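**Q** One structure follows; several queries about it will come next.
The values are calculated or read from the model by the stated rules, or taken from the named source; none is laboratory data. In this text the structure is predicted, and so the values were computed from the model without any measurement. Methodologically, a virtual Cβ is constructed for each residue, glycine included, from the backbone with ideal geometry; neighbour enumeration extends over all protein chains shown. Quick note on the areas: whole protein, heavy atoms, side chains included, nothing else; ligands and nucleic acids left out. Shrake-Rupley method; radii C 1.70, N 1.55, O 1.52, S 1.80 Å.
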Amino acid sequence: MSTQRYFNPAIELMERNEIKNLQKKLLPKMVEYVYGRSMFHRKIFDKVGLKPMDVKSLEDLKKIPVVCKTDLEKAVKDFDDPMGGRKCVEEKPVFTFAPEFPAEGEIIYVSLSFGDITRLAEALARQWIMVGVGMGETVQVQGWSWDPLHMIVNPQIFPPGLSVTTASLLNCKTIPVEVMPEDIGRTVFMAKFFKPSTVLMSRKTLDAMVKFVEKEGINPKDLGYRTVVVRESKNVLSADERKIFEEKLGLKIQSMLDVRENLFYASDCLNIDGLHVWEDMYIVEVLDPEKLESVGLGEYGKLTITNLFAEVVPLVKYRSDVDVTLNFEACGCGRTHVRIIPQNYK
Amino acid sequence: MSKIGGEYWDPKIETMPKNEIKELQNMKVKEIVKHAYNNSIFYRQKFDAANVKPEDIKNVEDLKRIPIFRKDELRVLRDKTGDPFGGLLSIPSSEIISYNPSTGTTGIPTFMAISRGDQQILMDVFARMHWMHGLRPNMKVVHETLIWHWYIPTVITSVYTKFSLKDFVLAGLATPLTANFLVDALLKFKPEWISVAYSPLLAINIECKKRGIDPKNFCVKYMQTGRGEPITETIRKELLDTWNVEDVFDVGGVGEIWLAYGDCYTHTGAHFWEDIYHVELIDPETGEIVSPNERGEFVVTNLEMKAFPTIRFGSEDYADMNTEKCGCGRTHVRLTVYGRTPWLVDIAGKKIHPEFIKRIVEKFPETREAAFTILKYAKTMDKLRLKASYNESLTKDPEELKQRWVKAIEKELKIPVEIEWVSWEELPKIFHKIARITDLTKKA
């Protein structure tokens, strides 16, 4: 088992008032940044007559208009720009990905700079330690090229001083594999040989794996996994689903949520008591989908994320489709950052 | 001829006089042989069995004393010992940064491991090649690939960071189901430079036709394709025409040995970087080096990479070799690679390679995409049986086309042939590649 409990204790265990103070400093900066650089946000702010100077504290968050995926899609057409006017930097090289492919409607591309990759690499490093990955271990990462995750976690070599990845921060090896149910044999086959401690997969591929090992008569214990992290972009595993999978595989199952349009990644700790949000990187709110106002504590609503760190395509007040409630109490694991509790998660 | 000729990523190495390359090789080969012998059980046993000591290898000519090994040998050793690398790994496992499988086109994949140092070398290999293929700083790039594929994601993304690109879109595999995503990216980002494997390119072409999009509108300047499916002159001309690109380049490689090669704007064979890879052509039956100008299986010794040293690896690929200095100014050896030796089939007493058939049928406009698979119904066959598809909009009479195919194949290869038309979707694929051989003997 890993000996390190936290990747960045100074941040992860921060007092709540310190977190608030940090956010209070970062929010106006981000608002000013996107107003000055993102045509998408400027248009939205201008529509309601909001100026960056109007946002001075966290209280002012409610003044900022909420944006959702439909707005992003519309902007692609309105600005006649694949990035929908969201791109804040022109002068730096960027890497562009497509988080998901809707059956209809516009594809929402996201871009990352070296700086963004570095910030996310650390966010993911905190998560990997949180789900029990040990320094130097092997992690199997299912993904596909369109998805930015592999660029953030796998061992890339970037020009000196420009960027790091999660694997390099934790001195981990990775096994990149396709997140494709049809190719589950490759994941299983490689796990048998290299015994990764952790695998990142999706609900669909996990389901395929359960069927595959049953059919092939493979004991899931022989794959070396200690933890299976199931990554979903909308519905994380329900408590019932988790239980069924855990029984079938005899492995610990953890959840990860990614709202990729806003480069948001959150996962639970070993206590499985909500998904930790790194509040030095994001402000989360839960909004009533109709009134677009914050719901009461303990009530469910739509997870709304303000990105505080991204250089290229940060979104402010981005309303996702994920139904959650929030828990601001310190977690049993010691982390003080807010936890999101998706519906049916507990 | 393209304007980009005469420019190099690394002029000193790429245009190095032949004798200097040889000197460099002779220096490096001693080191790598010593490293392999001292750090890998696989090579120690191999050398000892052949009664060769590392000191016996004083130059690349001496390499012929070392027996050739092929992929299957690794698989057998892996299954016997349980060691995923069959005893070949020659660095401490703590130095490894990622594990990747080979494509597994000809069977169960073998595994590769890469260290940080080796990755730096591969980045050089690709940087030279991508520059040769027209990539320049500040360009916009779309690169299509599989996530586990041996040169992705740990290498190619790193390579692109060397070029400081304006925008780099990394795209997932284009299949008939996912080609629309790539089409979207091409339309919206208007990349000047793209890298897409050949079969996915066909899927994109089909998607374009479906949506009434002319690939010329993508405004791509340079295209890199192939990746295991050799780009013949017919295919290249077709791509130049349909995409209106300035040039189309062919890229190939062998995952097991971290080998990548590509042609230059003269399209006279693929440049192998000899400061990194030493190449020989051998007769696969006898293992002897073939006489100059003869075709043979290419055998590679990787002179640089330490994690997984490959000393005389039989690629199971047939090739021609050209040692003359290239018109582009590069001095490194050029190979024309025809295809996998395991795909050779025995028909009416002749060894037939799918590539032979491809080069015949792609000359017909209706089947320029050469989408076919050979039905291998017995170890030795008296007749060539093909399943194939044709371009429906160009074909008036499939029966008549079939007659022309039969005539052409029988004339060129002098074997009897039988053809069954199927749709493109019905053809078997191994990921992004059409399976050239459908082995019916295994199912029985």
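**Q** Loop only per DSSP, at most 10 neighbouring Cβ atoms within 10 Å: give me the GluC sites (Glu not before Pro) in region A:1-82, ordered by residue number.
**A** Qualifying residues, ordered by number: A:GLU15.
**Q** Right, something else. Given the alpha-carbon gyration tensor of region B:344-442, what are the semi-axes of its equivalent ellipsoid in whole angstrom, ordered largest first, with each equal to the square root of 5 times an eigenvalue?
**A** Each semi-axis is the square root of five times an eigenvalue, giving 20, 17, 11 Å.
**Q** Given labels modelled 7 Å from the Cα in the Cβ direction, how far is it in nm from A:GLU232 to A:ASN271?
**A** About 2.3 nm separates the two model spin labels.
**Q** Based on the Cα gyration tensor of chain B, what are the three equivalent ellipsoid semi-axes, each the root of five times an eigenvalue, rounded to whole Å and given largest first? The partial results should precede the final answer.
**A** On the way: eigenvalues 242, 154, 86 Å².
Equivalent ellipsoid of chain B: 35, 28, 21 Å, largest first.
**Q** Still on this structure, I have one more. Once label points are set 7 Å from the Cα along Cα→Cβ at both B:GLU233 and B:GLU425, what is their separation, rounded to one decimal in nm?
**A** It works out to 3.7 nm between the two label points.
**Q** Report in % the part of the accessible area of region B:139-273 that belongs to carbon and sulfur, leaving out ligands and nucleic acids; probe 1.4 Å.
**A** Working: 1710 of 3260 Å².
Result for region B:139-273: 52 percent of the exposed heavy-atom area is carbon or sulfur.
**Q** Provide the FRET efficiency to the nearest 0.05 for the B:ILE206-A:LYS47 pair, computing r from the beta carbons and using R0 = 41 Å.
**A** Given R0 = 41 Å and the Cβ-Cβ separation, E is 0.45.
**Q** Considering just Cα atoms, how many Å³ per residue does the convex hull of region A:237-292 enclose? Could you put the intermediate results ahead of the total?
**A** Working: hull volume 6.5 nm³, N = 56.
Value for region A:237-292: 116 Å³ per residue.
**Q** Related question: When all C-alpha to C-alpha distances in the protein assembly as shown are sorted into bins of 20 Å, what percent of pairs does each bin hold, rounded to whole numbers?
**A** 15, 46, 31, 7, 0
**Q** How long are the semi-axes of the equivalent ellipsoid of chain A, taking √(5λ) for every eigenvalue λ of the Cα gyration tensor, in whole Å from largest down? Please report the intermediate quantities before stating the final value.
**A** Working: eigenvalues 218, 94, 80 Å².
One finds semi-axes of 33, 22, 20 Å for chain A.
**Q** Total Lys pairs in region B:321-427 closer than 15 Å by alpha-carbon, pairs eight or more apart in sequence or interchain only?
**A** Count of close lysine pairs: 22.
**Q** Helix A:16-37 versus the longest principal axis of chain A: what angle, 0 to 90°, nearest 10, using Cα atoms?
**A** 60
**Q** Dividing the Cα radius of gyration by the Kirkwood radius, what Rg/Rh value follows for region A:283-346?
**A** 1.00
**Q** Next question, about the same structure. How tilted is helix A:39-48 with respect to the longest principal axis of chain A? Cα atoms for both, answer in degrees (0 to 90, nearest 10).
**A** For A:39-48 against chain A, the angle is about 50 degrees.
**Q** Going 7 Å from the Cα of B:GLU61 in the Cα-to-Cβ direction, what parts of region B:278-304 have a backbone nitrogen less than 17 Å from that spot?
**A** Within reach of a label on B:GLU61, which here means backbone N under 17 Å from a point 7 Å along Cα→Cβ, region B:278-304 contributes B:279-281, B:289-292.
**Q** While we're here: 222 nm [θ] for the protein assembly as shown, helices only, -39500 (n - 2.57) per DSSP H run of 4+, per residue, to 500?
**A** Working: 21 runs with 240 residues, N = 790.
The per-residue figure over the protein assembly as shown is -9500 deg cm²/dmol.
**Q** Round to the nearest 0.05 the FRET efficiency obtained for A:LYS215 and A:ASP240 when R0 = 25 Å and r is the Cβ-Cβ distance.
**A** 0.60
**Q** Hey, what angle do you get for helix A:184-194 against the long axis of chain A, alpha-carbon based, 0 to 90 degrees rounded to 10?
**A** 70
**Q** Scanning chain B for GluC sites (Glu not before Pro) in DSSP loops with at most 14 other Cβ atoms within 10 Å, what's the longest stretch left with none? Can you show the working numbers first?
**A** On the way: sites that count: B:GLU7, B:GLU285, B:GLU288, B:GLU294, B:GLU324.
Free of exposed loop sites, the longest segment is B:8-284.
**Q** If you project the alpha carbons of region A:185-265 onto the principal axes, what extent comes out on each, in Å, largest first?
**A** Projected onto its principal axes, the Cα set of region A:185-265 covers 39, 26, 18 Å.
**Q** Follow-up question, since we're still on this one. Given a 1.4 Å probe and no ligands, DNA or RNA in the count, how much accessible surface is buried by B and A, both sides, to the nearest 100 Å²?
**A** When B and A are taken together, about 3900 Å² of accessible area is lost.
**Q** Do any trypsin sites (Lys or Arg not before Pro) in region B:9-100 lie in a DSSP loop with no more than 14 other beta carbon atoms within 10 Å, and if so, which?
**A** Those that pass, being in a loop and sparsely packed, are B:LYS58.
**Q** Please work out the Cα convex hull volume for region A:199-336 and give it in Å³ per residue.
**A** With only Cα atoms used, region A:199-336 gives 126 Å³ per residue.
**Q** Just the number, please: Stokes-Einstein D of region B:223-328 in µm²/s, Kirkwood Rh from C-alpha pairs, 10 °C, 1.306 mPa s.
**A** For the chosen part, D equals 106 µm²/s.
**Q** Here is a follow-up. Which length gain, in nm to one decimal place, applies between B:ALA50 and B:ALA408 when the Cα-Cα distance is subtracted from 0.36 nm times their residue separation?
**A** Between B:ALA50 and B:ALA408, full extension yields an extra 124.1 nm.
**Q** Of B:HIS267, A:HIS337, which has the most accessible area with a 1.4 Å probe, and how do the rest follow in descending order?
**A** B:HIS267, A:HIS337
**Q** If each residue of separation counts as 0.36 nm, what is the full-extension length gain between A:LYS74 and A:GLU182 once their alpha-carbon separation is subtracted?
**A** Roughly 35.5 nm would be gained on extension.
**Q** Treating only the Cα positions of region A:117-253 as identical point scatterers, give the base-10 log of I(q)/I(0) from the Debye formula at each q in 0.20 Å⁻¹.
**A** The calculated log intensity ratios at q = 0.20 Å⁻¹ are -1.22.
**Q** Then there's this: Distance in nm between label sites at B:LYS22 and A:GLN343, each 7 Å beyond Cα in the beta-carbon direction?
**A** According to this spin-label approximation, the distance is 7.6 nm.
**Q** Name the lysines eligible as straight-distance cross-link partners of A:LYS63: C-alpha to C-alpha under 24 Å, and not fewer than 8 places from it in the same chain.
**A** A:LYS20, A:LYS24, A:LYS25, A:LYS29, A:LYS43, A:LYS47, A:LYS51, A:LYS74, A:LYS87, A:LYS291, A:LYS302, A:LYS317
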